[in-house]
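Here is the structure we will look at, set down as structure tokens.
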Amino acid sequence: MTKIKETSTNFANKQALENDCLEVYASNIIGGQWTLAICCYLINGKLRYGELKKCLPNITERMLALQLRKLEKDRIVKRTVHAEVPPRVEYELTSVGYELKPIIRELEKWGRKHKKSLELVGKNIEP
């Protein structure tokens, strides 16, 4: 995850688009490669870091930590540290995060439908 320089034209364009279009604003929050996948697993309840890592075996530990921090900063995910030895850390969706559930379900339905239509086109069958 590279940061865009705040003085760049690209940053200014991105900010202007985000301010003018709330759909772009929302997609910038949940549109990362791993962000939606993390939210999908957390919809079913709290998970520890290791459990999330098992759900997403191809994500690096660094990327998972960065994504969780970003989701926490955006108030999509809540991080709870339990005072135990060793410390137990759990992640769960906030109430705002849970509001993504119907959106994620609709994206899932759309993805299934779109994938099927592409498979039909690949077999030269009109969808």
For the stretch 1-112, which helices (runs of 4 or more DSSP H) that fit wholly inside it have 2 or more residues that are charged (D, E, K, R)?
9-20, 49-55, 61-73
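Could you check, for the stretch 29-43, whether at least one of its residues is closer than 23 Å to Ile104 by Cα and open to solvent by 70 Å² or more (accessible area, probe 1.4 Å)?
yes
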Of the residues that sit in the stretch 78-95 and are over 13 Å from Ala37 (Cα atoms) and surrounded by 12 or more Cβ atoms within 10 Å (Cβ to Cβ), which one is farthest from the chain's Cα centre (by Cα)?
Arg88
Here are Leu120, Leu47, Leu66, Leu71: which of them is without any contact (Cβ under 8 Å) to a residue 60 or more places away in the chain, within 16 Å of Ile30 (Cβ to Cβ) and either open to solvent by less than 60 Å² (accessible area, probe 1.4 Å) or under 15 Å from the mean Cα position of the chain (by Cα) (or both)?
Leu71
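The values are calculated or read from the model by the stated rules, or taken from the named source; none is laboratory data. Computed from a predicted model, the values in this text were never measured in an experiment. Backbone-built Cβ (ideal geometry, glycine too); neighbour counts: all protein chains shown. We work out accessible area using only protein heavy atoms, side chains counted, and drop any ligands, DNA or RNA first. Shrake-Rupley method; radii C 1.70, N 1.55, O 1.52, S 1.80 Å.
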